[in-house]
Amino acid sequence: MSSIYLSNAIFMMIILTIIFLRIRYYITWSPSKKYTMIFIGMVELYVLMDALFMKELLGKSGNLLQFKLVVFFFYLVYVIMPYVWHLFMQSYMGINRSKKQRFAEMIPFILLVLMVLLSVPTGIVWRFSRNRTYIRGTFFGVFAVLNLFYYVYTFAQTFFILFMNNTKGVRYLIKSALFSAVPLIGILVNTYIIPLYGAYPFQPYCLVIGALLSYLFMVEHQQDQMEFEHRKRLSNALELEKESTRKAKVAGEVKNAFLANMSHDIRTPMNAIIGFSDIIAEHPDDEEIVKNAISKIQASGEILLKIINDVLDLSKIESGKAEIVEMVTDLKQMEENLKMMLEYSIQKGMIDFKVEDQIENPLVWCDATKLQQVLVNVLNNAVKFTPAGGTITFSCVQRMIAPGFAEYKFTIKDTGIGMTEEFQKHAFEAFERERTSTESKTEGTGLGLAIVKKLVDLMHGDVIIQSNSGQGTKIQISLPLRIATKNQLHQSDKAKEYKIGLDGMHVLLVEDNELNAEIAMEVLKNKGILVNWVPDGCACVEEIQDKEAGTYQFILMDVQMPRMNGYEATQKIRQLADVKKAQIPIIAMTANAFEEDRKHALDAGMDGFIMKPFRVDEMMKVIGEVME
């Protein structure tokens, strides 16, 4: 009989080992995986101890101490296994308990372990007669009932949860209830029915069935999870596609509106430039007509350049390539500069301009260029949209916020046409305009306030609009700035006066565009500089190689050219064997307007950077800096 029992035990242990390995390597659902593997391990240990127990029990003779040890460890595994089953089911059902609840649930387990330990000296659960006969103790009934606690509790809890909140139907309810009931049925039959008819490992088989069901349920649950995640990803993908389609549609509408506005705004100054050029061609000898046409061409060129710069500025900021470069700045001096810049347009528009200054510490650390750009954009808007006879008030108020730091509030208030409440919601968005330039009779891209908002954010400040249609606009810009001293102002003022004489110098101009070359040569000749022109990088390198060192004092190098670009030409010149030729100053002169273009030019070995379309004074300043 014992050999049959052992054969069954070996068979069950093989099955349990296979299940254990399947869970170990094929189940990825982690919440219950750990507890499942512990439970199966405990079942395997229980099957082994149960077989050894029956071997000793059915044996007629043997070592009594060995029998006692087998019984002790059998009962220990016997009480641990239900508790492990309970932990597995709590994890499987996704039940979260507080620390108090977990401690309360441990009490039966602690009592059972104590009863097993106390049975060794007292025999309250089991004992042995003198002839090696195993006898159940006085408290075995209590022990057996208490050992049923976790099976009954888990069965009732599982059934209640699934019955009250079962979203998967009756089939799942029955399966789960049966799953939690299998160990309970096994222990009841093995304890109260089997002993009446003989020895048979009914409970171990029930536990093996429970282990197998736990594996099957985890496989099913993992498949459900995978299907759920697949459906979720599919749903998210569909939502993203819908959102992308919506955004693409909105972007398309914005792009179309922008292109329509830009087409009009670019064509307007271009039309003036072409038209007045035709007038000059028709009346070349009429000095007054020519002067008037030239002034109109220059003004139209400024408008066109402003439109292009706005688009480039916004692109640079949005790409994250704009950086804050702080220097000591005098805010009072900046106010004076703003008044000078706006003086002509204010007088032309017959607008009353007021400045209200309440600054105690005008010297601050800030990016003066960007702050001035912000204020100029807002003030230009105020001038554009304020009718003749209107008023623009510019004020600055200082408020200390920490030692050495103050909040500066710049407020621009006008009595112009104002903004509707609806437009204010989109005022800081790129290309947004409440009226086209045709309707408002003012040029612009709708980028001014977008650039203001992004620059203010970059400087960790805030900008607020208060406006009503037809009642003017108030824009307040708040910036936290570090206060500076006069000594720091003098230390940071690195401006130089370049007094080096350029008259009589010889320059090699490298430019593929004949018109640009003609303009540059005329400007340079007017400054007394001798110019030799070549059309590309290859010709430049050949010219430097063929001429003696010192023939040219510096090179003005375009960047984008056929055959060999300016970067490649510069690198080849820097690699020449003749040190004097290799060290000739090279200044980039290009329409590439971003900071990375300047960095690329300097990295290639160039000494300066002039941006097209260039202004004569700025061009001379850069040449002076490089030559000095």
Practice task
Can you run down the residue pairs with Cβ atoms below 8 Å, 6 or more apart or on separate chains, where the first is in the range 65-85 and at negative phi and in the same structural domain as Leu184 (by TED's automatic domain parsing) and the partner is in a helix (DSSP H, G or I) and among the charged types (D, E, K, R)?
Solution key: Gln66/Glu56; Phe67/Glu56; Val70/Glu56; Val71/Glu56; Phe74/Asp50
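Given Leu16, Leu6, Leu21, which one is more than 48 Å from the chain's Cα centre (by Cα), surrounded by fewer than 21 Cβ atoms within 10 Å (Cβ to Cβ) and in a helix (DSSP H, G or I)? Reasoning before the result, please.
On the way: Leu16 fails: surrounded by fewer than 21 Cβ atoms within 10 Å (Cβ to Cβ); Leu21 fails: more than 48 Å from the chain's Cα centre (by Cα).
Unique residue meeting the criteria: Leu6.
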Problem - In the range 335-363, residue modelled with the highest pLDDT [restricted to those that are touching a Leu at 6+ places or on another chain (Cβ under 7 Å) and part of a helix (DSSP H, G or I)] - result: Leu338
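Output yes when any residue across the range 543-557 is of a type in the set (A, V, I, L, M, F, W, C) and either at positive phi or in contact with a Pro (Cβ under 8 Å, 6 or more places away or on another chain) (or both), and no when none is. Outline the logic, then answer.
Residues of the range 543-557 of a type in the set (A, V, I, L, M, F, W, C): 544, 549, 554-557.
From what's left, either at positive phi or in contact with a Pro (Cβ under 8 Å, 6 or more places away or on another chain) (or both): 554-555.
Checked the range 543-557: at least one residue is of a type in the set (A, V, I, L, M, F, W, C) and either at positive phi or in contact with a Pro (Cβ under 8 Å, 6 or more places away or on another chain) (or both).
Identify, please: which residue in the range 91-132 is β-branched (Val, Ile, Thr) and under 23 Å from Ala144 (Cα atoms) and is, among those, surrounded by the fewest Cβ atoms within 10 Å (Cβ to Cβ)? Explain how you work it out, then say what you get.
Quick first cut of the range 91-132, residues β-branched (Val, Ile, Thr) only: 95, 107, 110, 113, 116, 120, 122, 124-125.
From what is left, the residues that are under 23 Å from Ala144 (Cα atoms) are 107, 110, 113, 116, 120, 122, 124-125.
On the way: Ile107: 10, Ile110: 12, Val113: 15, Val116: 23, Val120: 15, Thr122: 13, Ile124: 17, Val125: 24.
Looking at the filtered set, the residue picked out is Ile107.
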Handout entry: Near pairs, Cβ below 6 angstrom, 6+ apart or cross-chain, from the range 27-50 (assigned to a loop (DSSP other than H, G, I, E, B)) to any residue that is at pLDDT below 85 and of a type in the set (Lys, Arg)
Key = Ile27/Lys33
Practice task
Look at Phe394 and say whether it is surrounded by 21 or more Cβ atoms within 10 Å (Cβ to Cβ), free of Cβ contacts under 8 Å to residues at least 60 places away in the same chain, touching a strand residue (DSSP E or B) at 6+ places or on another chain (Cβ under 8 Å) and not aliphatic (A, V, I, L, M).
Solution key: yes
Completion exercise
Note on the range 574-604: residues in contact with a Lys or Arg (Cβ under 7 Å, 6 or more places away or on another chain) and either closer than 19 Å to Cys538 by Cα or not aliphatic (A, V, I, L, M) (or both) are Ala582, Met589, Thr590, Phe594, Glu595, Glu596
Handout entry: Matching residues in the range 377-407 - criterion: being β-branched (Val, Ile, Thr) and closer than 26 Å to Lys486 by Cβ
Key = Val397, Ile401
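The values are calculated or read from the model by the stated rules, or taken from the named source; none is laboratory data. What you see is a predicted model; the values in this text were computed from it and never measured. When we count neighbours, we look across all protein chains shown, and the Cβ atoms used for this are built from the backbone with ideal geometry, even at glycine.
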